[in-house]
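A.B. asks: This is the structure, below, for whatever I ask next.
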Amino acid sequence: MAGLASRILVIGCTGYLGRRLVRASISMGHPTYVLLRPKTLPDPSKQGLIDEFESIGVTILQGDLNDHDNLIRCIKLVDVIISALSADLHHEQHKIIRAIKEAGNIKRFLPSEFGFNVDRVTVLPPCKFVMDIKVKIRRVIEEAGIPHTYVAANFMAEYFIDLFLHPHEQAEDEVIVYGTGKVKGENALNEPENIGIALVHRMFVDKRPSYELGENELEASELYPDYRYTPIDLVMDKVISDPPKIKYTSFPNSSGGHSASVTNGKKMPDADTGM
Ligand SMILES: NC(=O)c1ccc[n+]([C@@H]2O[C@H](COP(=O)([O-])OP(=O)(O)OC[C@H]3O[C@@H](n4cnc5c(N)ncnc54)[C@H](OP(=O)(O)O)[C@@H]3O)[C@@H](O)[C@H]2O)c1
């Protein structure tokens, strides 16, 4: 099977999503490569994961988005590139796009999306700023003429469900209710702490209807009809019986400078990939 399978490079392989993409790629028989930053390689907190990658047959390439020549050398080894970079690095993907264009061999690029379909769904600021970067990256890919797939995962339930239950944190006896619950027009939330709230608002408060799939869009479950999805009650059982570590995701801020780590609507001191 490996002879026919696409060779896949995952960029952002140590992240919450990236490590799952790597495991899935290997399990589906694809020769799988990861780009590891030289400064990440000796990181003791990543050693277990790197050992796991090696044990399942992942090819580890060292490199950085800023080393253009090395990026091209890595790109030339594969057919497909999947980026799972965190939101504060989405704008940096133009470096990958430039290298893909120059290398000229990539059959498909999947940029770091894995959320809302950003061309169709709007969210409150400051989250809108994050979505706008994804939109810009889509346009750069299209202008470069690179074959691409945008994966709109909406909410990954396991990622978010423990934010509601968070049994691993001390119980809080204070609940904040924003406004009266009657939303009028579009408001902006303060950033960056409220990016999580803006996401949850879009999912549970903003009742604008979902969209119909377009001509070039495909429901993923049709691609993999045999895949056994995990029902939400099993996810909740797991969260209660075996709580995962809190997941921190880095977001950019709209002034373009510093990034912040946000989980459960709270600003965290450091970025960590958790789990
Ligand atoms: N739909 C949903 O429910 C949902 C939930 C979560 C995430 N997402 C989306 O999934 C995507 C991935 O998010 P995530 O939470 O998995 O990200 P994450 O855990 O924060 O992982 C970020 C990855 O980026 C790498 N990275 C960080 N700084 C870098 C740099 N300067 N140069 C190169 N690599 C760098 C990290 O590698 P190092 O080990 O080298 O630091 C890590 O592998 C994002 O697009 C996010 O929006 C969607």
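The values are calculated or read from the model by the stated rules, or taken from the named source; none is laboratory data. Treat the numbers as computed from the prediction; the structure is a model and nothing was measured. Glycine also receives a Cβ, built like all others from the backbone with ideal geometry; neighbour counts cover every protein chain displayed.
A.B. asks: If you take the residues in segment 48-89 that are under 13 Å from R19 (Cα atoms), within 12 Å of the ligand (Cβ to nearest atom) and of a type outside the set (A, V, I, L, M, F, W, C), which one is modelled with the lowest pLDDT?
C.D. replies: S86
A.B. asks: Still on this structure, I have one more. What's the number of the only condition in (1) over 16 Å from G12 (Cβ atoms); (2) of a type outside the set (F, W, Y); (3) surrounded by 19 or more Cβ atoms within 10 Å (Cβ to Cβ); (4) within 16 Å of the ligand (Cβ to nearest atom) that I106 fails to meet?
C.D. replies: It is condition (4) that I106 fails.
A.B. asks: Then there's this: Which of the residues that make up segment 2-32 are of a type in the set (S, T, Y), within 14 Å of the ligand (Cβ to nearest atom) and at pLDDT 95 or above?
C.D. replies: Step one: of segment 2-32, the residues of a type in the set (S, T, Y) are 6, 14, 16, 25, 27, 32.
Still in the running and within 14 Å of the ligand (Cβ to nearest atom): 14, 16.
Within segment 2-32, just T14 meets the criteria.
A.B. asks: Which residues, taken from segment 109-126, are more than 25 Å from A220 (Cα to Cα) and either within 15 Å of the ligand (Cβ to nearest atom) or in contact with a Gly (Cβ under 6 Å, 6 or more places away or on another chain) (or both)? Spell out how you get there, then give the answer.
C.D. replies: First, the residues of segment 109-126 that are more than 25 Å from A220 (Cα to Cα): 124-126.
P126, the sole residue that qualifies.
A.B. asks: Moving on. Within segment 38-61, work out how many residues are in contact (Cβ under 8 Å) with a residue 24 or more places away in the chain and more than 21 Å from the chain's Cα centre (by Cα).
C.D. replies: Qualifying residue count, segment 38-61: 4.
A.B. asks: Do any residues in segment 197-222 that are more than 18 Å from M156 (Cα to Cα) have Cβ atoms under 9 Å from those of residues that are modelled with pLDDT of 70 or more and loosely packed, with under 10 Cβ neighbours inside 10 Å, where the two are at least six apart or on different chains, and which pairs are they?
C.D. replies: L213/E219
A.B. asks: Examine segment 68-77 for a residue that is in contact with a Phe, Trp or Tyr (Cβ under 8 Å, 6 or more places away or on another chain) and either within 19 Å of E113 (Cβ to Cβ) or not basic (K, R) (or both), and state whether such a residue exists.
C.D. replies: Going residue by residue through segment 68-77, those that are in contact with a Phe, Trp or Tyr (Cβ under 8 Å, 6 or more places away or on another chain) are 74, 77.
Subsequent filtering for residues that are either within 19 Å of E113 (Cβ to Cβ) or not basic (K, R) (or both) retains 74, 77.
The answer is yes; a qualifying residue exists.
A.B. asks: Test A144 against the criterion of being near the ligand (Cβ under 10 Å from one of its atoms) and either modelled with pLDDT of 80 or more or among the aliphatic types (A, V, I, L, M) (or both), and give yes or no.
C.D. replies: Numbers: near the ligand (Cβ under 10 Å from one of its atoms): no; either modelled with pLDDT of 80 or more or among the aliphatic types (A, V, I, L, M) (or both): yes.
So A144 fails the test.
A.B. asks: Quick one: in segment 93-111, which of the residues that are touching a Ser or Thr at 6+ places or on another chain (Cβ under 9 Å) and assigned to a helix (DSSP H, G or I) is nearest to R139 (Cα to Cα)?
C.D. replies: Pass one, segment 93-111, residues touching a Ser or Thr at 6+ places or on another chain (Cβ under 9 Å): 93, 96, 107-111.
Add one more test, that the residue is assigned to a helix (DSSP H, G or I), and what stays is 93, 96.
On the way: Q93: 12, I96: 14 Å.
My answer is Q93.
A.B. asks: Residues that are of a type in the set (S, T, Y) and touching a Lys or Arg at 6+ places or on another chain (Cβ under 6 Å): find the strands (runs of 3 or more DSSP E) completely inside segment 1-90 holding 2 or more of those. It would help to see each step written out before you state the result.
C.D. replies: Details: elements: 8-11, 32-36, 59-62, 80-83.
In segment 1-90, there are no strands (runs of 3 or more DSSP E) which contain 2 or more residues that are of a type in the set (S, T, Y) and touching a Lys or Arg at 6+ places or on another chain (Cβ under 6 Å).
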